[in-house]
1. Using amide H atoms built 1.01 Å from N in the peptide plane, name the residues 5+ places from Gly81, or on other chains, whose amide H lies under 5 Å from its own.
2. By how many nm would the segment from Ile132 to Thr13 lengthen if fully extended, with 0.36 nm per residue of separation less the alpha-carbon distance?
3. Can you figure out the FRET efficiency of Tyr89 with Lys36, using R₀ = 41 Å and their beta-carbon distance, to the nearest 0.05?
4. By count of other Cβ within 10 Å, fewest leading, how are Met30, Met35 ordered?
5. Fewest Cβ neighbours within 10 Å first, please rank Thr20, Thr100 accordingly.
6. Got a sec? Which residues in the stretch 95-114 would a label at Asn76 touch, if it sits 7 Å along Cα→Cβ and we count backbone N under 14 Å?
7. Apply the Kirkwood formula to the stretch 91-130: the hydrodynamic radius equals the inverse of the mean of 1/r over all pairs of different alpha-carbon atoms; give it in Å with one decimal.
8. Can you put Tyr89, Tyr99 in order of Cβ neighbours within 10 angstrom, beginning with the fewest?
Amino acid sequence: MSKNKDKKKEAVTIDIIRATIWDAPAIAEMWGDMMKEITVPETELPLDGKESERFLENLVLKFKLPSQIIFVAKSNFRTIGFIMGYLHYYNFSRNLLGYTEYFFINEKFRSNGIADALIDTFYRDCEVKGAIASDFVTTRPDIWKRKGYKQIMSTFRRKKGE
């Protein structure tokens with residue numbers, strides 16, 4: 001008998017907290033992993049490694065942009081996932097919306113309810129700040145549909161010269 005089949009999945013304790021500047025290195029590392037999963041081959045990665053870390057420290061976490069929302073998932077004090085977005089007014093609407101721009105969970109920790117916890121925390125934070133809804137762009141619509149989100153748009157791309 002295989003040991004892997006008999007092995008029960010170990011329970012993971014997760015804390016969802018607002019990101020601080022100290023989370024920037026871990027987010028930057030996951031950022032690189034996320035880009036490998038979602039980047040279209042003809043698109044260049046704008047930042048990687050230390051550039052991502054500096055970007056996150058300086059533009060997002062250090063200056064604490066008022067509309068920016070970043071939460072991290074931690075297990076045993078290790079950052080294992082994040083959700084990043086912001087509040088905005090859509091076009092000429094009077095209504096404030098939450099927008100999830102980036103969302104990632106370390107592959108080793110997936111299927112532990114972390115996605116649900118991050119999404120729920122982000123959504124509640126947007127509601128508390130006055131948002132009437134929250135939107136996102138995703139490569140995994142199944143996660144969001146499961147949470148009660150409805151698809152309202154699709155993205156199409158045409159390469160230069162086609």
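Just so you know, all these numbers are worked out from the coordinates, no wet-lab data involved. Bear in mind the structure is a predicted one, so any value in this text is a computation, not a measurement. Cβ sites come from the backbone with ideal geometry, for glycine too, and all protein chains shown count toward neighbours.
1. Distant-sequence amide H within range of Gly81: Ala73, Asn106.
2. 39.8 nm
3. 0.80
4. Listing Met30, Met35 from fewest to most nearby Cβ atoms yields Met35, Met30.
5. Ordered by Cβ neighbours within 10 Å, fewest first: Thr20, Thr100.
6. Once the point is set 7 Å along Cα→Cβ of Asn76, 108-109 turn out to lie under 14 Å by backbone N, inside the stretch 95-114.
7. One decimal place: 11.9 Å for the Kirkwood radius.
8. Tyr89, Tyr99
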